[in-house]
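Novice: Below you will find the structure I want to go over with you.
Nothing in this text is a laboratory measurement; each read-out follows from the coordinates by a stated rule. Just so it is clear, the model here is predicted, and its values are computed rather than measured. As a convention, Cβ positions derive from the backbone with ideal geometry for all residues, glycine included, and neighbour counts pool all protein chains shown.
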DNA sequence: TGCGTTACACAACAAGCGTTACGTAAAGTG
DNA sequence: CACTTTACGTAACGCTTGTTGTGTAACGCA
């Protein structure tokens, strides 16, 4: 047996370099050479651990999903206050710190390419539906009374697209959407969503 | 004087081809050759009317802004019902028909590149601020009472990011966000925003 | 101490890109 | 009818990209 290297470790190092490149130059600035340069190695090493560029992108994407899911799964299952619980989970979708900002950048970059890639679209579709379902449960738990049908779905959707829009704007123009503003808007949106429970 | 051609017309034809390419292959699939092929001409003609690719992109962007602004300016200045007026204007930001869907695709594509381009960021910044200001006026007019300070801004922001998120999701996965759903969510969001007017 | 396998650097390749230069056809003007 | 200017097709250039192959150093095992 020849010299042994931790493949998982190497792959995650390269993947980290990829994230950094995307955060600095966007997906269109992502090349094997730029990744290699950022990782401090040669393209040979990159291709040694990832068959081709598609495999590299796929890994970065799966890492992204994993990180997001892990962060949410790490949350306490039940909160004393259902509204606080809802807020805590929803907040995970916002780029409120360095880590989540980086994730949001990668997320939005991949999201746009989704439009022209059927395979990515299917992945996104199920992931998005699952996210909506999770929030639906939490919103229902936080609502004061029994929601009317349809009414609930629209409230949840309003929350979901609000989160996406918030993240998108924060990624595009961070100075115009600082964490403080994001939090206030989310609080307000939760107020609005949970406030009345009647057909207007 | 030699043979004369309507430059404006030609440029708009090429620009239309560019939009089509972007809608089909995204910004990363946009090349002079693909634009020429879609327009049914050669790259020579494209470069004849646009000095370089940057000029072509800039023109397409300005056309986008122009179209969006025109559509909103074409609305009646005053509506009998201020809420209906607000809805009508807000709806213009949603990809509810073919035309607006195409615009939204181009919009989202450009939006992402904004992150790594300082010049584009400044353009976006003023445009976005102006949009927020316009909606603020309309929301204030549609609110039942006098809004509390801060409160109003958060409500408007919640609406703005909701619109962006709605558009983004509709562009990414049109089947999951059909026009009907978009309209319902927007209606609901307006309900929520205009409903209560007290600090919760 | 060799031996064989793995890890990786390096270079070459074709393909596709934006750009540029050149050639030609067409049409208004004298 | 020339003549000149514009309109545009064509092709070549240099560059960057992903991919692939070859060479070499390192290290576990015999």
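Novice: In angstroms, what radius of gyration and Dmax does chain B have, counting Cα atoms only?
Specialist: Rg, Dmax (Cα atoms, Å): 19.6, 72.
Novice: For a test of the definition: using alpha carbon positions, the gyration tensor, and the 1.5 limit on a/c, classify the protein assembly as shown as rounded, prolate or oblate.
Specialist: oblate
Novice: What number, in percent, do you get for the relative contact order of segment B:75-200 if the mean sequence gap of Cα pairs under 8 Å and at least 6 apart is divided by its residue count?
Specialist: Working: 94 pairs, mean separation 43.1, N = 126.
Result for segment B:75-200 is 34 percent.
Novice: Between copies, how close do the residue B:99 label points come, placed 7 Å along Cα→Cβ, listed in nm from shortest?
Specialist: When each copy's label point is compared with this one, the spacings are 4.8 nm.
Novice: Considering only the label points, 7 Å along Cα→Cβ from Cα, what distances in nm to one decimal separate residue B:179 from the same position in each other copy, shortest first?
Specialist: Label-point distances to the other copies, shortest first: 4.3 nm.
Novice: If you stretched the chain out fully between residue B:134 and residue B:175, how much longer would it get, using 0.36 nm times the residue separation minus the C-alpha to C-alpha distance?
Specialist: Length difference between fully extended and current span is 11.7 nm.
Novice: Oh, and also: From the square roots a ≥ b ≥ c of the eigenvalues of the alpha-carbon gyration tensor of segment A:81-130, which class results: rounded (a/c under 1.5), prolate (a/b over b/c), or oblate?
Specialist: Oblate is the answer for segment A:81-130, as a/c is 1.5 or above yet b/c matches or exceeds a/b.
Novice: Once R0 is set to 60 Å, what does the formula 1/(1 + (r/R0)^6) return for the Cβ-Cβ distance between residue A:71 and residue B:48, expressed as a FRET efficiency to the nearest 0.05?
Specialist: Approximately 0.70, to the nearest 0.05.
Novice: Among A:41, A:162, rank each residue by its count of other Cβ atoms within 10 Å, from fewest to most, as a rough exposure measure. Before the final figure, lay out each step's value.
Specialist: Working: A:41 17, A:162 31.
Going from least to most buried by this count: A:41, A:162.
Novice: Further question: Given the -39500 (n - 2.57) contribution per DSSP H run of 4+ residues, what per-residue ellipticity at 222 nm results for chain A, rounded to the nearest 500 deg cm²/dmol? Don't skip to the answer; put the middle values down first.
Specialist: On the way: 9 runs with 146 residues, N = 200.
The per-residue figure over chain A is -24500 deg cm²/dmol.
Novice: Using only the Cα atoms of segment B:1-78, build the gyration tensor, take square roots of its eigenvalues as a ≥ b ≥ c, and label the shape rounded, prolate or oblate: rounded if a/c is under 1.5, else prolate if a/b is larger than b/c, else oblate. Don't jump to the answer; show the numbers that get you there.
Specialist: Working: a/c = 2.51, a/b = 1.40, b/c = 1.80.
Verdict is oblate for segment B:1-78.
Novice: Taking the label point as lying 7 angstrom from Cα along the Cα-to-Cβ axis, what are the distances from residue B:40 to the corresponding position in the remaining copies, in ascending order and in nanometres?
Specialist: Shortest to longest, the spacings are 5.7 nm.
Novice: Can you give the FRET efficiency for residue B:55 and residue A:148, using 1/(1 + (r/R0)^6), R0 = 56 Å, r = Cβ-Cβ distance, to the nearest 0.05?
Specialist: 0.55
Novice: Here is a follow-up. Specify the inter-centroid distance of segment A:90-105 and segment B:1-45, based on alpha-carbon positions, in whole Å.
Specialist: 38 Å
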